[in-house]
1. Note the full-extension length gain between residue 239 and residue 148 as 0.36 nm times their separation in residues minus their Cα-Cα distance, in nm to one decimal.
2. Accessible area of residue 47, 1.4 Å probe, to the nearest 10 Å²?
3. What figure, in Å² to the nearest 10, do you get for the accessible area of residue 194 with a 1.4 Å probe and non-protein molecules left out?
4. Calculated from DSSP H runs of 4 or more alone, at -39500 (n - 2.57) each and per residue, what is the 222 nm mean residue ellipticity of the chain, nearest 500?
5. Rounded to the nearest whole Å³, what is the per residue volume of the convex hull around the Cα atoms of the range 1-149?
6. Looking at the chain, which longest stretch skips every one of the GluC sites (Glu not before Pro) that is in a DSSP loop with at most 16 other Cβ atoms within 10 Å, leaving the sites themselves out?
7. Leaving out ligands and nucleic acids, note down the accessible area per residue over the range 197-241 with a 1.4 angstrom probe, in whole Å².
8. Based on the alpha carbon coordinates of the range 86-241, what radius of gyration and maximum Cα-Cα distance (Dmax) apply, in Å?
Amino acid sequence: MEHGEVAIRYEERGAGFPLLLIAPGGMNSTIEWWERAAFNPLEVYADDFHLIAMDQRNAGASSGPLDLEDPWGSYVGDQLALLDRLGVDRFFVLGCCIGCSYALGLIERAPGRVAAAVLEQPIGIVDDNRELFQNMWREWGQQLADRRHDLDAAAVSAFGTRMWQGEFVLNVTPDFVRSVATPLLVLPGVDQFHPGPIGREIAALAPNAELLEPWKDTPELVRAAVERVRAFLREHTPAPG
């Protein structure tokens, strides 16, 4: 899919109500990263929903310019452009890792279109983890600059610095989350990139949020989480018409 100077690689599977999948992987969020997640929605939900997965801009086979004014918004714009191209109005979103911040960005940009969202191990800034994210985006930036001769290294640095200078989940504020009426199912993370307190804070702030934890400590808990996500999305599937 192309819009403007952006080219987005995507895949579709299954049928039913649309479910946009935004993969983990930080700045390298691609379809293949779902294979490394606790569960792969492309496998477990293909019989339940119309699945739409994508490589984010400048990850995998997707490419585009660097929006120095609104880095996070540029990705959300790509996601909405893809849905528009596919003729999708309302949809669910399941984000993992960085995908949770994108999901909240989608709710901020197009609240009437997001019927419900699942946030699997959200990223976020806590006292001792900012350097991890700095190292992550700088590694991505170096790889991007090495393969894209049209991108200036200084621009890549400015883009990454702007994108990752925020607090909380980086692209929206706690006050915004307090205002979110969209139903949320939050599965907190358990490591420094995905701090448990961030997921719990989202669930505590959002008025229509459900917290699911523990959910990934054992294979049995992961299987139960897969079923709870399926049930949650079915509960919030809009009636036809």
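1. Gain on extension, residue 239 to residue 148, equals 28.2 nm.
2. About 150 Å², rounded to the nearest 10.
3. It works out to around 20 Å².
4. Value at 222 nm, helices only: -11500 deg cm²/dmol.
5. 115
6. Within the chain, the longest run free of exposed GluC sites (Glu not before Pro) spans 70-166.
7. 58
8. 17.0, 50
The values are calculated or read from the model by the stated rules, or taken from the named source; none is laboratory data. Because the structure is predicted, anything quoted here is derived from the model rather than measured. A quick note on method: Cβ atoms are made from the backbone with ideal geometry, for glycine too, and the neighbour counts reach across all protein chains shown. Side chains included, ligands, DNA and RNA excluded: accessible areas come from the protein's heavy atoms. Shrake-Rupley method; radii C 1.70, N 1.55, O 1.52, S 1.80 Å.
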